[in-house]
Amino acid sequence: MNYLIGAFKPACNISITFSDEKTRKKVSTKKDNGQTVMVSLFRSQENIAGKISIEPIQGKKVEHNGIKIELLGQIEMYFDRGNFYDFTSLVRELDIPGEIYERKTYPFEFSTVEMPYETYNGANLRLRYVLKVTISRGYAGSIVEYQDFVVIVSSSLSLSH
């Protein structure tokens, strides 16, 4: 039975960082599990850029059928929990099918993104923006990582410290 231990761990670690993460204003938001986290704040029409780092677990390789990043604007109604309705969807292909043996970094950029609505978390629905990285794999199942961020449409709020 010991051979099953570790069988369900992900084959790699994925990290998503924004280019200006150190200077960008952050706001607190609640995750689904109730935990409060600090996320980056953007305005509509801003460039969203950064890098994705994929690091296989020590001594392992990650075979994949391609890697992509998506910028999604989603609405989730609480009575229909788990079903998201995408109102914004942009995709960038990061890599063609192959194998990753060691840490690999991919830059990404979505230029002047139209994000028409503000992030909202209310009693009946949630409107969110998220970056979604997908490592497509055949029989092993895809590996997916999410990075939420907050959008304000218009305000006198300064986005840098």
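Between a first residue in the range 13-27 that is among the hydroxyl-bearing types (Ser, Thr, Tyr) and a second residue that is open to solvent by less than 50 Å² (accessible area, probe 1.4 Å), which pairs have beta carbons less than 7 Å apart while being 6 or more apart in sequence or on different chains?
15/53; 17/50; 19/49; 19/50
One residue is enough: does the range 91-105 have a residue meeting the conditions in contact with an Asp or Glu (Cβ under 7 Å, 6 or more places away or on another chain) and under 30 Å from residue 152 (Cβ atoms)?
Looking through the range 91-105, at least one residue is in contact with an Asp or Glu (Cβ under 7 Å, 6 or more places away or on another chain) and under 30 Å from residue 152 (Cβ atoms).
Is it the case that the range 30-39 has a residue that's closer than 22 Å to residue 91 by Cβ, loosely packed, with under 15 Cβ neighbours inside 10 Å and either of a type in the set (Val, Ile, Thr) or at pLDDT 85 or above (or both)? First the steps, then the outcome.
Narrowing the range 30-39 to residues closer than 22 Å to residue 91 by Cβ: 39.
Adding the requirement that they be loosely packed, with under 15 Cβ neighbours inside 10 Å leaves none.
There is no residue in the range 30-39 that is closer than 22 Å to residue 91 by Cβ, loosely packed, with under 15 Cβ neighbours inside 10 Å and either of a type in the set (Val, Ile, Thr) or at pLDDT 85 or above (or both).
Do we find a residue being out of contact with any Asp or Glu (no Cβ under 9 Å at 6 or more places or on another chain), open to solvent by less than 20 Å² (accessible area, probe 1.4 Å), within 20 Å of residue 32 (Cβ to Cβ) and without any contact (Cβ under 8 Å) to a residue 60 or more places away in the chain anywhere in the range 63-85?
yes
This table checks each residue for (1) over 24 Å from residue 20 (Cα atoms); (2) among the acidic types (Asp, Glu); (3) out of contact with any Ser or Thr (no Cβ under 8 Å at 6 or more places or on another chain).
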| position | (1), (2), (3) |
| --- | --- |
| 66 | yes, no, no |
| 84 | yes, no, yes |
| 88 | no, no, yes |
| 92 | no, no, yes |
| 96 | yes, no, yes |
| 112 | no, no, yes |
| 138 | yes, no, yes |
| 141 | yes, no, yes |
| 144 | no, no, no |
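Criterion first (open to solvent by less than 60 Å² (accessible area, probe 1.4 Å) and basic (Lys, Arg)) does residue 43 satisfy it? Outline the logic, then answer.
Values: open to solvent by less than 60 Å² (accessible area, probe 1.4 Å): no; basic (Lys, Arg): yes.
When the stated conditions are applied, residue 43 does not pass them.
If you take the residues in the range 86-117 that are of a type in the set (Phe, Trp, Tyr) and farther than 26 Å from residue 12 by Cα, which one is most open to solvent (accessible area, probe 1.4 Å)?
Restricting to residues being of a type in the set (Phe, Trp, Tyr) and farther than 26 Å from residue 12 by Cα, the top hit is 117.
Condition test on residue 120, is it among the hydroxyl-bearing types (Ser, Thr, Tyr), modelled with pLDDT of 90 or more and open to solvent by 30 Å² or more (accessible area, probe 1.4 Å)?
Spelling it out, residue 120 is indeed among the hydroxyl-bearing types (Ser, Thr, Tyr), modelled with pLDDT of 90 or more and open to solvent by 30 Å² or more (accessible area, probe 1.4 Å).
The values are calculated or read from the model by the stated rules, or taken from the named source; none is laboratory data. All values reported here derive from a predicted model rather than from experimental measurement. Backbone-built Cβ (ideal geometry, glycine too); neighbour counts: all protein chains shown. Note: accessible area is taken over every heavy atom of the protein model, side chains too, but ligands, DNA and RNA are not part of it. Shrake-Rupley method; radii C 1.70, N 1.55, O 1.52, S 1.80 Å.
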